[in-house]
Structure formats: structure tokens, C-alpha cells
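Visitor: Can you keep this structure in mind? I'll have questions shortly.
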Amino acid sequence: MARITWLGLVGAAAPAFNPADALLPQRAEIVDRQGVPLAREFRVYSLWYNPRAMTEGSPLIHSPREVAEGLHRIFPDLDVAETAAKLASGKAQYLRKSILPEEANRVHGLGEPALEYPQEATRYYPQGSMAAHVLGYVDSFGKGQVGMEQAFDKQLTSADGRGQPAVLSIDYRVQGALEDELGRGMKLSAAKGAAGVVLDVDTGEVLALASLPSFDPNRVQPTDMMISPEQARMGEVPHGFNRVTNQVYELGSTFKPITVAAALDAGTITDLGRRWPAAPLHIAGFTIHDDENMGSSLNVPETLIHSSNIVSAQIGDELGGKRLKAKLEALGFNQRPSIELPARGFPIWAKGEWPRLRTMTVSFGHGVAVTPLHLASAYAALVNGGVWRPSTLRKLDPADVPAGRQVFSPATSARLRQLLRMIVVYGTGRKANAEGFRIGGKTGSAEKPGVGGYRKHSLITTFAAAFPMDKPRYVVVATMDEPQGTEATSFQRTAAWNAAPVVGRVVPRIGPILGIMPDNTRDIDISDLLPLIPHGSGND
């Protein structure tokens with residue numbers, strides 16, 4: 001009674017109302033780092049069947065079949081029998097989403113009150129399928145699914161978040177170039193899929209992230225997100241599956257520079273000119289060999305240039321499983337990749353103490369499976385002075401860049417910049433050597449595991465690179481899934497012939513966009529290491 005009396009005297013406070021809220025979209029825009037719209041709200045009409053539109057009698061003036069045929073004249077791809085069945089069911093439901101105003105006018109001309117065309121907000125992706133795996137999509141209930149639509153769902157729909165766009169680290173120009181060249185690489189090598197990422201080595205920001213084949217978030221099909229059991233048995237994945245963050249691979253020889261860096265830090269390598277025997281190794285009933293005879297012995301630069309499994313295994317053996325494992329853990333290889341996306345694959349990672357054979361195989365990239373994003377973050381640490389930082393799809397202000405953790409010493413990082421550059425100039429990465437951009441990197445080709453062992457005719461090929469090596473700014477990783485030997489690749493299937501050329505074409509396209517112009521007057525100084533190599537090449 002006291003409360004009623006009080007309200008009668010002073011009146012109830014009116015709920016706060018801000019007229020500007022009515023002008024805000026129901027879901028905020030997503031834009032790239034330059035402010036280019038990647039996802040935005042768009043008002044459209046929908047075709048809705050409302051059987052309660054008439055208070056008496058039949059909801060339809062004409063028969064369901066006649067109405068369905070009238071709609072078919074407006075929408076030629078509409079199934080008449082299926083639509084007639086929906087109309088006869090008496091259930092309220094959508095007959096069609098996203099129709100044009102002129103189409104709504106023609107529906108009105110049918111003279112059926114039960115056919116309504118409410119104006120609704122829908123999600124529109126102006127760049128089409130570009131960055132689809134980054135963005136995800138919004139379902140019919142208005143909920144973000146996969147991608148940043150899901151990761152940012154609360155922010156995009158909150159009262160505060162709706163008033164300003166969510167800014168991604170993606171640069172749509174770099175994204176377009178990466179997708180274009182990965183697609184070209186797939187066609188040239190007849191690969192079944194591809195993955196790629198461009199990463200800022202000093203901040204962890206992702207400038208581009210692509211997984212192919214892709215899908216159109218404007219028109220998501222059920223087959224984009226699901227496949228049949230038979231397709232799964234054949235090793236297929238849905239088009240909506242993110243190969244960069246959710247698929248784990250044994251990435252082969254791309255691990256070898258990491259092994260060398262760990263050995264340099266541990267002090268088990270003190271002389272890069274030291275030679276190891278290059279004859280096949282017989283360990284625990286298993287033979288470690290190279291694809292071809294590279295001579296009786298190899299030093300460190302030769303090992304990386306020729307991509308020797310045998311010597312990499314010996315370097316890993318001297319380093320020991322405990323130290324190699326600890327270094328890979330410091331790079332995050334034992335946990336899901338650090339990124340905001342919800343789809344993040346868990347690595348295949350052997351727990352406990354590693355036996356000698358596992359240590360040796362991991363040293364050249366077998367026995368541990370990680371995502372291409374894991375590898376990109378590791379290579380950023382290899383070249384940026386040794387600091388690992390989490391990757392992010394948020395555009396960062398300089399003050400927000402994480403400090404990261406020191407994984408490699410600055411001196412080791414400086415050495416690896418030289419060694420990675422030598423691989424591209426003299427070794428297996430030569431087809432990535434874009435003139436003037438001072439690219440450094442490492443190839444890797446690994447057999448895909450299958451039922452009963454490795455599938456010798458199914459490869460995962462990768463080229464992990466950074467540029468410019470005299471002052472690294474960006475990492476670029478390209479992975480091809482089951483490339484074939486074609487005329488365009490000189491009938492070769494390894495990374496040197498398919499993944500490396502992709503990076504060699506991507507970098508000249510994105511370098512000028514990112515402020516890095518080709519300069520033939522500059523390069524990293526490798527003169528102190530040149531006496532250690534015979535200027536050879538390899539086949540990985």
C-alpha cells in the first residue's frame with residue numbers, strides 16, 4: 001500500500017528510451033582493418049504463409065495447387081508440388097526467404113491474404129565467399145555460426161556493440177590475393193584442397209586466412225557443413241571445414257628449422273660447419289632415409305638446403321626428447337591453436353616421455369600433427385627475435401600487442417633468418433624466390449596417414465615462409481592437400497613444385513599493399529655461411 005501511495009504521488013519512472021536505438025542494426029557490421037564491410041545487415045522481404053490471415057473459412061481463395069502455380073510464375077525455380085503441399089498443410093511457414101520488392105508486388109497481385117511478405121533483417125556478405133571461414137554465417141534464428149559471427153555473437157548483438165562495427169585484423173586485399181593464388185595452385189597441381197595464412201610476425205595479427213574449397217555465407221547449403229559417411233571414409237571434409245585452424249597435419253620437413261633452432265639454443269650445435277654422417281639410420285626396426293643420396297655427410301646449412309631426414313634425426317637425437325618436446329610445447333604445439341575462431345583442432349601429441357625413435361621422427365616433422373596456424377606462429381617466433389605471440393583476428397592497437405614469451409634466443413633467431421633465406425636461394429624453396437622480396441622459408445612434404453599406415457600416394461605439402469628476411473614483417477604459409485604430379489608441376493608432387501610457387505606468387509602481390517616494395521639492393525647477409533654449402537638443391 002505504501003508503494004502504491006508513493007507511486008501515486010510521484011509517478012513511476014518512465015523507462016529510458018533512446019530514439020537512436022531504433023536506427024541501429026540488429027547486428028553490428030564486421031569490417032576489415034581498412035574499414036571495408038565484410039558482413040552487414042540488409043533489409044529484405046520474405047514470403048510467409050499465414051493460414052490464420054482469414055478469420056473464417058479457407059485461408060486460401062484459390063486451391064493450393066493454383067496458388068503454387070501462380071508462385072511458380074514469379075519464382076521459376078520454385079517446386080510446385082512441394083509448395084502446394086506446404087500450403088495444404090495449414091502450417092505457418094516460410095515459402096521463400098529474401099525476395100525482391102518487385103517480386104513482393106507480384107505476390108500481392110495474386111490476391112491471397114495468407115501470402116504475406118514481411119520486411120526482415122538478413123545478414124549480407126558483400127564480398128561473397130571471400131574470408132568465409134573467418135566470418136562464418138548467421139543462421140535462420142539470427143545466431144552466428146562458425147567463424148567470427150559465432151565468436152563475436154554477443155558483441156555484435158549487444159546494446160553497446162550494435163553501434164559500432166567489429167574490426168578484424170584481416171586485410172581484404174591480402175585475403176583476396178591469398179585465396180586467388182591458393183585456388184590457382186590447386187588447379188595447377190590438381191589438389192583436393194588448400195590452406196593458407198598471412199601473419200604479422202610482431203603482433204600475431206592474421207592478415208589473411210583461407211581454406212579451399214570455400215562456401216558462400218550468403219547461401220549456405222547443408223552440404224557445406226556436412227558430408228556423407230562414405231565421403232568421410234574417403235578423407236573428404238565439408239567445404240565449411242577450416243583447414244587452417246581445425247585440420248591437423250604432419251607437416252614434415254617444415255619442422256627441421258625448429259629442430260635446428262632448439263639445438264642451437266640448447267648448445268648441442270655450436271658449429272654450423274660440423275658434419276654428420278648421411279647414411280640411412282636403422283633404429284628400433286625402422287629405417288630413416290632420404291629420398292636420394294646427398295653424399296657421405298652434411299652440415300647444418302646443407303641439411304636444411306637438401307632437407308635431410310637422416311641428419312635432422314641425428315640432431316634431434318643429440319638434443320633429446322625432453323628438450324625438443326619442451327621447445328614445441330613453448331610454441332603451443334601441444335594445445336589447440338590460439339585464435340578466436342571456435343573451430344580449433346587439437347594436435348596429435350604424444351604425452352609422457354618420448355622414446356628415442358619418436359624424438360628422431362618428430363625432428364623431421366612426423367609423429368606430431370598440428371594445424372597450419374600452429375606452424376605460422378612458430379615461424380613468426382623463428383624470425384622475429386624468438387618471441388611467440390598468440391595469433392588473433394582482432395585488429396590491435398600498438399598498446400594492446402601482447403608481450404608474448406621468449407622461445408628462442410635473439411641470436412638463434414638471427415641464425416635462422418640466414419638459414420631460411422639460404423633454403424630459398426639455393427635449396428628446395430627456390431620456386432618461392434620472388435625477386436626483390438628477400439623471402440626465406442622451408443618446404444615440407446608428408447604422406448597422409450590412413451587405415452593400416454601411411455598412404456604413400458597421398459601427400460600434404462607445405463611451404464612456410466617469412467619476408468623480407470633482412471627485417472621480417474610477415475609469415476606466409478601455404479598447404480596443399482593431395483596435390484598430383486601434373487604437367488604444370490613437371491609431374492612432381494612435393495612442396496617445392498606446388499606449395500612454394502604459391503608463396504612465390506602471393507608475396508609480390510601483397511608486399512606493396514603492406515608497404516614492402518621489391519628492393520634488389522638489400523638482403524640479409526649470409527656471406528659467413530656461404531663457404532659451408534656447395535650451392536646445391538633438394539627435392540622436398
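Visitor: What whole-number distance in Å separates the alpha-carbon centres of the range 268-342 and the range 151-219?
Guide: Going from one Cα centre to the other spans 32 Å.
Visitor: What number, rounded to the nearest 500 deg cm²/dmol, is the helix-based mean residue ellipticity at 222 nm of the chain, given -39500 (n - 2.57) per DSSP H run of at least four residues and division by all its residues?
Guide: Taking each H run of at least 4 residues, the total per residue is -9000 deg cm²/dmol.
Visitor: Rank A104, L199, I524 by how far each Cα sits towards the positive end of the charge dipole of the chain (+1 on Lys, Arg Cβ; -1 on Asp, Glu Cβ) and give me just the farthest.
Guide: So the residue we want is I524.
Visitor: While we're here: Could you work out the relative contact order of the range 170-219? I mean the mean sequence separation of Cα pairs under 8 Å and 6+ apart, divided by the number of residues, in percent.
Guide: Reported relative contact order: 39 percent.
Visitor: Do the alpha carbons of any pairs in K327/K351; K325/K442; K91/K154; K256/K448 sit beyond 23 Å of each other, and which pairs?
Guide: From K327/K351; K325/K442; K91/K154; K256/K448, over 23 Å: K91/K154.
Visitor: Is any residue of the range 39-63 close enough, with backbone N under 17 Å, to a label point placed 7 angstrom from the Cα of K91 along the Cα-Cβ axis, and if so, which?
Guide: Residues passing the 17 Å test: 48-52.
Visitor: For mean projected area of the Cα convex hull in nm², the listed values are (i) 27.5; (ii) 35.3; (iii) 31.0; which was obtained by calculation from the structure presented?
Guide: Matching entry in (i) 27.5; (ii) 35.3; (iii) 31.0: (ii).
Visitor: Given the peptides 280-291, 301-312, arrange them by the average over their residues of other C-beta atoms within 10 Å, most packed first.
Guide: Result, highest mean Cβ count within 10 Å first: 301-312, 280-291.
Visitor: I've got another one for you. What size of dipole, in debye to the nearest 20, comes out for the chain about its Cα centre when the only charges are +1 on Lys and Arg C-beta atoms and -1 on Asp and Glu C-beta atoms?
Guide: 920
Visitor: Return the distance in nm (one decimal) between the two label points of a simple spin-label model at K322 and N293, each offset 7 Å from Cα along Cα→Cβ.
Guide: Placing both labels 7 Å along Cα→Cβ, they lie 4.0 nm apart.
Visitor: For Y124 and I61, FRET efficiency with R0 = 51 Å and r from the beta-carbon atoms, rounded to 0.05?
Guide: Here the calculated transfer efficiency is 0.90.
Visitor: Hey, got a sec? Which trypsin sites (Lys or Arg not before Pro) in the range 72-181 land in a DSSP loop and have at most 13 other Cβ atoms within 10 Å?
Guide: Sparse-neighbourhood loop trypsin sites (Lys or Arg not before Pro): K91, K143.
Visitor: Roughly speaking, what is the centre-to-centre gap between the range 81-107 and the range 355-370 when only Cα atoms are used, to the nearest Å?
Guide: Each part reduced to its Cα centre gives a spacing of 58 Å.
Visitor: If you don't mind, there's one more thing I want to ask. Just tell me which lysines come within less than 19 Å, Cα to Cα, of K187; anything on the same chain fewer than 8 places away is out.
Guide: Here the lysines satisfying the reach criterion relative to K187 are K431.
Visitor: Name the residue farthest towards the positive end of the dipole of the range 62-159 from the options P126, G136, A92, assuming +1 on Cβ of Lys and Arg, -1 on Cβ of Asp and Glu, about the Cα centre.
Guide: Of P126, G136, A92, it is G136.
Visitor: Before anything else, pin down the relative contact order of the range 319-473: Cα pairs under 8 Å, at least 6 apart, normalised by residue count, whole percent.
Guide: Value for the range 319-473: 17 percent.
Visitor: Where the only charges are on Cβ atoms (+1 Lys, Arg; -1 Asp, Glu), what is the dipole of the range 296-355 about its Cα centre, to the nearest 20 debye?
Guide: The dipole of the range 296-355 has a size of about 280 debye.
Visitor: Another one. Lysines near K86 by alpha-carbon distance under 23 Å, same-chain residues fewer than 8 away left out - which ones?
Guide: Qualifying lysines at Cα under 23 Å: K97.
Visitor: Under the 0.36 nm per residue contour assumption, what length would be gained going from the current alpha-carbon distance of D397 and A488 to full extension?
Guide: Contour length minus Cα-Cα distance gives 28.4 nm.
Here, each number is a calculation from the coordinates, and none is a lab measurement. Quick caveat: nothing in here was measured; it's all calculated off a predicted structure. Virtual Cβ from ideal backbone geometry, glycine too; neighbours counted across all protein chains shown.
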